[in-house]
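Notes for the one structure printed next.
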Amino acid sequence: MRGEGAVRGEVGEMISKIKEALICLRAGRVTFRYPLAPMPAPKRFRGRPTIDGSKCLGCGACASVCPPRMISMHDADRRRTVELNYSRCTYCARCQEICPVGSMTCTEDFELATKGRENYSVAVELEMVPCRDCGTPFMTQRMLKKMIAEFCPPWMEKRLQAPEWFWLCPDCRIQSTGLTMERNIRNE
Amino acid sequence: MQNLAVGVFNILFVLLAAPLLDGVMRQVKARIHSRQGPSILQTYFDLGKLMVKEDQRAVNNTIFSLAPIVGFAAVLLAALFIPMGGVVPLGFAGDALVLLYVLTMGPICLCLGGMASGSPYAYVGVNREIMMLMLVEPVIAISLIASAVKAHSLMLSDCVRQSLTGTPSSSLLICAVAFFLALQPEMAKIPFDLSEAEQEIMEGPLVEYSGRKLALLKWSFYCKQIVLLTLFVEWFVPWPAVGSLPLRIVLTLVKVLFGAVLVEVIAQVFPRLKIAQSMRYFVSVIAFALTGLMLAVIGL
Amino acid sequence: MTTAENVLSGIQEKFPATLLKAQQPQTDRLYLTVKREEIRPLTDYLFNTLHARLIMSVGTDKTPIDGNYEVSYIYSLDSRNLILLVKELVPPNDPQVPSVTNIIPGANWHEREVYDLLGIKAEGHPDPRRLVVSDDWPEDVYPLRKDVPYNFRPPIVREVKPPLREPNENEKKATILSVGPFFPTLEEPAYFRLFVEGEQIVGSDYRGFFAHRGIEKLTDTVLDYNQIPFMAERICGICGFVHSACYCMAVEQAAGIEVPPRAQYIRSIMMELERVHSHLLWLGLAGHYLGFDTVLMQAWRIREPVMWLVEAITGNRKTYGLNLPGGVRRDLTPELCDQILQTIEKMEKETRELVGAAVEDHTLKMRLENVGRLSPEDARKICVVGPTARASGVDIDTRKDHPYCAFPEVKFKSALQQSCDIWARTLIRAEETFTSFDLIRQLIAKLPPGELMANVGNIPPWREGIGIAEAPRGEVAHYILTGLDNRPYRWRVRAATYPQLQAVPRMLEGMQVADFPIIVGSIDPCFSCTERVVTVDRATKTPRIYTKKDLLAMSRQRTQALR
């Protein structure tokens, strides 16, 4: 009723099925028991970002590069608040890449489920420096200190002092520079 | 007296062990998939969860509501006809044919329930189920008749005794193979599970069932699987012969376990076949079973 | 004369009055501006005489700049390594263009999209239904116009009906089977309406874009060049890297940025790793659609090491975050290169075993042969790409036709089959996986030392760039028009699945319901690639709460409406 070719075909089919079953069984069980057993992320995994408040300058570079725009910076009452909200963080680590002082870092943490949305916010408050002329806060203290400390290149023999206009806000700087230029022109 | 005891045992066994057997089959499947898999008690938990889940009441139709119950009752009735340790609880002349009809009632109830639900997916599934039924039931019927011819009786207990004590015959061997091939679609296993419980048509006739009705339907599937496996094992693989009844029952249970593992391994190494392909395949299985019948008629 | 000059002179000769302006910013790019009324004969010449392939069309609203809308058609002359952009200017008081769909059937969706998003009607379009915007979007608001804000919220509409067609003449006796909007097998939002008689499908229609996100609008308004790669990466969950690389290539071309060779090589290596990952994933999915879950589990088990590998390289399993315009952000250290070679050696062995077993599997072949056929003529007319095209004998492969990144420096053979069915597509993807293993080895062996990132200064405005790359699914194309203030003016993405989905109704004809999932699966659909999804609006802080009863009632209502 069935030709010999068909029987050979059937036997060949059975052998290939047995081979398939052996491939499967040889692999053993490959799934892990996570979450019943811990599974840490590998090195350099881009996980939850965090700000180190003791290093943050308040420069706002992170806020300008964040793709979902979840880092915000606003000034109120001589205080600058840098707020990082990672509810919609894309874990791209651009903030870490751009931070000049290494205060913004991506940890390797990825288990971020929480019941309260407020747990997704991290904020740093920084004291600001008021302008010597008009009194508006224009820069954080830490940033100004850093600028002053790094103003003079290390290879110079004579220490350069930071110029006066470091302590002025941008508007007042323009004013002051304008007045200086005017004075110089009049004196010539 | 023995019949009554075996009858009660059968009903309890089918009811309570069916989810366990399904659990074992799921572990076998997971092992082939290289994953951990659920515990073998998982099916009990799943059925329990379905029992307490809300019934969506998507369809308000008497046939829709009664179909799971009648189907479940039919499978339990079939359990009373199944030999266990060689003893058929509800045995009488011609009970083999009655068993055949009772086994068919389950799929018919499913089809009626599916059609009553009104979903186009259910129609497609019912279509397929009926086409498969038309080709698979004859295989079982032919094997049964061949065995009855050899045993010169339509009583199931006689057939079973014949295959145990009678001389090994080629016709019974052919029928055993044919029956085993028919087990895959009857147990709704890949490659022939295309009618019910399938992702292509969103579970087919089951699509509108939920809650308790779905639990009953699934439980009746598991019960049917264990009934068919027991039937196959008792009828076509009755060796070795042992003396006491309890020992015979234990032997049957062990063989049922092996059978389940084998069915599941076959199910996991094949893709699902389409209806036309399955029908072509079963036409040749019917022809194969017919040769067994002819051999039985001429005495081999 | 170069190819571009040849083509240009050919066009000038045949259509002297049509051409308004021609530019050739690079050797393999030709940008033409033509008269709107004469677009049809030119399109006929390009498609039928020059055998160009339509890649995409772009609609731009330049009314604030020069008072016009622009509709551009971008073609590829595959055998000559030339990308041709044909632009027509559309005055705002007469927003329509002549339709070219009856010349190029593959332009069907492109013209509907331009209408949906910009309101420029294609005159003579055979099927002007809504395509991209959702069913409850108001009629006369065109999102990509510059006067519509990116966070515009239309009023709520309760009763909507998706624009799926009713049965036509020869489908009158058929039952309507609705597959979707949520379908368990595909696990993606897609809505197919099948007209079935028994088991056989006699007709079909598709409504998609449920997950349209409006990222192009977001780019035009709030994002800048360095933020977009991260958005582009999330267009697709599987070919994300190719999208971000293609975008960067478009910007680099427009701004004339020279990417250092080491970065080019790293990009190519990551693209090939992504191809391996994607094809193994597809093999598993194909098994799943056939009910063969064992193939699914085993293929994904074999794929897992590549995910660990890229996690070690890039810091994430899938969103690599490696690309920025100008280069890449992380380096491939020698240890990582060793790790790559070890991993792909192991994977190649296991993949050979699995593919060997699958190819010999008679039942699998039974399910896949002669199913979902797409004839070579249809493949060319609908402009399909990738393995779907190569299975129908159309020999196109962006890595060969328009070489990019490090591909000019490596040798490989494109897979090609002639039998036009799903079995052919399976064989092609299997072959491509092995080609990718070989390519990775070649690329690592030749990895040059050097910088990872070019110095990117200000990006000049009003420059156009077109980046194309071969994603695992097929060709992906990004168009960018740079704008003022270092921000892009227009970004258009055409993913590989866009033309493929237009070909699916042809593949479904005469097939059975049981074949439906595997046919849709055989084009390796990436619905999110095609649809470029929804942004969540943070502006309104009021949450909308639906009780379970509400949701249930709404879903029942919806099901009744769909029936």
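Nothing in this text is a laboratory measurement; each read-out follows from the coordinates by a stated rule. Treat the numbers as computed from the prediction; the structure is a model and nothing was measured. So basically every Cβ, Gly included, is an ideal-geometry build from the backbone, and we count neighbours across all protein chains shown.
The equivalent ellipsoid of chain A has semi-axes of 65, 20, 16 Å, largest first, where each one is the square root of 5 times an eigenvalue of the Cα gyration tensor.
Net charge of the neighbourhood of residue A:32, taken over other residues with C-beta under 13 Å away and scored Lys/Arg +1, Asp/Glu -1, is +3.
If you keep only loop residues by DSSP, which chymotrypsin sites (Phe, Trp or Tyr not before Pro) in region B:93-166 have at most 11 other Cβ atoms within 10 Å of their Cβ? Present the calculation step by step, with values, prior to reporting the outcome.
Working: sites: B:101, B:121, B:123; in loops: none.
Answer in residue order: no site qualifies.
Among C:246, C:420, a tally of other beta-carbon atoms within 10 Å of each Cβ gives an order, fewest to most, of C:420, C:246. Using every pair of distinct Cα positions in region A:49-150, the Kirkwood expression returns a hydrodynamic radius of 14.4 angstrom.
Model label sites at residue A:127 and residue A:14, defined 7 Å from Cα along the beta-carbon direction, differ in position by 8.7 nm. Residues C:282, B:239, arranged from fewest to most other Cβ atoms within 10 angstrom of their Cβ, appear as B:239, C:282. For chain C, pairs of C-alpha atoms spaced more than 46 angstrom apart make up 12 percent of the total.
Give me the log10 of I(q) over I(0) for the protein assembly as shown at q = 0.10 Å⁻¹, as the Debye formula computes it from C-alpha points; what are the numbers? After summing over all Cα pairs, the log10 values are -1.31.
Modelled this way, with points 7 Å down the Cα-to-C-beta line, the labels at residue A:107 and residue A:147 are 3.3 nm from one another. Summing charges over all other residues whose Cβ lies under 12 Å from the Cβ of residue C:263, with Lys and Arg as +1 and Asp and Glu as -1, gives 0. Principal-axis analysis of the Cα atoms of chain B puts helix B:95-117 at an angle of about 10° to the longest axis. For region C:231-382, the direction-averaged projected area of the alpha-carbon convex hull comes to 11.3 nm². One Cα centroid belongs to region C:451-491, the other to region C:63-79; the line between them spans 15 Å. Over region C:215-531, the alpha carbon radius of gyration divided by the compact-protein estimate 2.2 N^0.38 Å works out to 0.99. Size descriptor for chain B, Kirkwood hydrodynamic radius: 19.6 Å (Cα pairs only, one decimal). Going by neighbour counts of Cβ atoms within 10 Å, the residues A:32, C:434 line up, fewest first, as A:32, C:434.
Helix-only arithmetic for chain B: the sum of -39500 (n - 2.57) across DSSP H runs with n ≥ 4, divided by the residue total, places the mean residue ellipticity at 222 nm at -25000 deg cm²/dmol. How big is the Rg/Rh ratio for region B:37-137, C-alpha atoms only, Rh by Kirkwood, two decimals? My calculation of the ratio gives 1.04. Which one of C:309, C:260, C:273 is farthest out on the positive end of the charge dipole of region C:240-325, using unit charges on Cβ (Lys, Arg +1; Asp, Glu -1) and the Cα centre as origin? Toward the positive end, the furthest listed residue is C:309.
Rounded to the nearest 500, the helix-only mean residue ellipticity at 222 nm of chain C stands at -12500 deg cm²/dmol, with each DSSP H run of n ≥ 4 adding -39,500 (n - 2.57).
Could you run the Debye sum over the Cα atoms of region C:3-154, one equal point scatterer each and no solvent, and tell me log10 of I(q)/I(0) at q = 0.13, 0.18 Å⁻¹, two decimals? Log10 I(q)/I(0), no solvent term: -0.60, -1.07. Evaluated over region B:2-297, the count of Lys pairs having alpha-carbon atoms less than 13 Å apart is 5 (only pairs 8 or more residues apart or interchain).
Short-range pairs are left out: with C-alpha atoms under 8 Å and at least six residues apart, the relative contact order of chain C is 16 percent. For region C:169-296, what is the Kirkwood hydrodynamic radius in Å, using each pair of distinct C-alpha atoms? Hydrodynamic radius (Kirkwood, Cα pairs) of region C:169-296 is 18.3 Å. Based on the Stokes-Einstein relation at 25 °C and a viscosity of 0.890 mPa s, and on the Kirkwood radius from alpha carbon pairs, region C:80-224 is assigned a translational diffusion coefficient of 138 µm²/s.
What the Cβ-Cβ distance of residue B:261 and residue C:169 gives, at R0 = 45 Å and to the nearest 0.05, is a FRET efficiency of 0.25.
If you take all other residues with their beta carbon under 12 Å from the beta carbon of residue B:240, and give Lys and Arg +1 and Asp and Glu -1, the sum is +2. Across region B:164-300, the fraction of Cα-Cα pairs farther apart than 23 Å, rounded to a whole number, is 46%.
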